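Presented below is the structure to which this report refers.
The values are calculated or read from the model by the stated rules, or taken from the named source; none is laboratory data. Since this is a predicted model, take the numbers as computed values, not measurements. Please note: Cβ atoms are built from the backbone with ideal geometry, for glycine as well, and neighbour counts cover all protein chains shown.
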Amino acid sequence: MGKTSKDKRDVYYRQAKEEGWRARSAFKLMHINDQFGVLDNVQRAVDLCAAPGSWSQVLSRKLYDCCLTDDQKSEVKIVAVDLQAMAPIRGVVQLQGDITKQSTAKAIISHFNYGDDKKAQLVVCDGAPDVTGVHEMDEYMQSQLIISALSIATFVLESGGKFVAKIFKGNANCMLESRLLSFFNNFQIYKPPSSRPSSNEAFVVCCDFRLPPGYIPQVINPARDDFRQVARLTGSAINQRLVPFIACGDLNGCTDEEDEDFTLEDLEMTYDDMINDVDFPSEFKDELEPVLLGEIAVRSAERDW
């Protein structure tokens, strides 16, 4: 009863009912767009964790309904993904799937033409885990959901694309910024006016997507997979460096002391490759260089001993 009464006093709740939005959260995406123009010049978009569909409604009205001709509408691609089925929305293709699975990424890609110029221009995710009330746990679970959404984005976003996702504000936001800046040139955190002041939610708004040279898109799920082993299977050195950091903030990359196959010579080669790679992000060089040098020093001392 208390929650219902509170909702009915909320201006955005009432306005959503009056205007036919499925949830008041529609105004959050509209306010984000007002602030950052994330829908400007967008024809192809993906809505992850889409149910009940309010953000897909916004995408439909802003991208599809505004088209004047059938030819223009045929150029619009909006794909909504959720484990739950939703009522149909004009111009929106719905997929039921788990965003932590690579099969879901492939299913999304199949709805876009192949080639970088026909991939998605925008990926949004307003999903959130069931809140436990333990802030640290909720923040951690939300960060894992963002990693899953980011993984899908690396598959489907075109160069220069944009990414918007819900976060819970906390001490880990600086680490989250570093992770997302691995793939985007611009990162901001924004709390729209339609987000309740009592809520600790906010949204990351990332622009100018670019895959690090040599990075092979992967679905990263630390709770399910041995992500270091999965990264090695790609054969990509940049995956082996970045995936552990993206997955859990591990700056050691390939320097896991439990990996007996990774020798001192391998460490030295990894360090030389990183330092000499002009495309390797400088912020990660600054973080990884002392880690690698420290591990090399330890391994050298152990060998000499």
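Quick one: which residue in Ser194, Ser148 is buried (at least 18 other Cβ atoms within 10 Å of the Cβ) and over 11 Å from the mean Cα position of the chain (by Cα)?
On inspection, the qualifying residue turns out to be Ser194.
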### Summary
Restricted to the stretch 195-231 and to residues being at pLDDT 85 or above and of a type in the set (Lys, Arg), the residue nearest to Asn276 (Cα to Cα) is Arg210
### Query
Only one of these conditions is not met by Lys166: (1) under 20 Å from Phe27 (Cβ atoms); (2) basic (Lys, Arg); (3) assigned to a loop (DSSP other than H, G, I, E, B). Which number is it?
(3)
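Residues are listed down the side, and each one gets a yes or a no for (1) under 16 Å from Val46 (Cα atoms); (2) of a type in the set (Ser, Thr, Tyr):
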| residue | (1), (2) |
| --- | --- |
| Ala149 | yes, no |
| Gly160 | yes, no |
| Ile167 | no, no |
| Asn186 | no, no |
| Tyr190 | no, yes |
| Ser198 | no, yes |
| Glu201 | no, no |
| Cys206 | yes, no |
### Summary
Cβ pairs under 8 Å, 6+ apart or interchain, first in the stretch 171-199 and in the same structural domain as Gln35 (by TED's automatic domain parsing), second modelled with pLDDT of 85 or more and polar (S, T, N, Q), ordered by first then second residue, are Phe183/Thr154; Tyr190/Gln35; Pro192/Gln35; Ser194/Ser25
### Message
Filter the stretch 217-234 down to the residues that are surrounded by 15 or more Cβ atoms within 10 Å (Cβ to Cβ) and assigned to a loop (DSSP other than H, G, I, E, B) and list them by number.
### Response
Pro217, Gln218, Val219, Ile220, Asn221, Pro222, Asp225, Thr234
### Message
Can you tell me which of (1) modelled with pLDDT of 95 or more; (2) more than 22 Å from Ala202 (Cβ to Cβ); (3) of a type outside the set (Asp, Glu) is the one Gln35 doesn't meet?
### Response
(2)
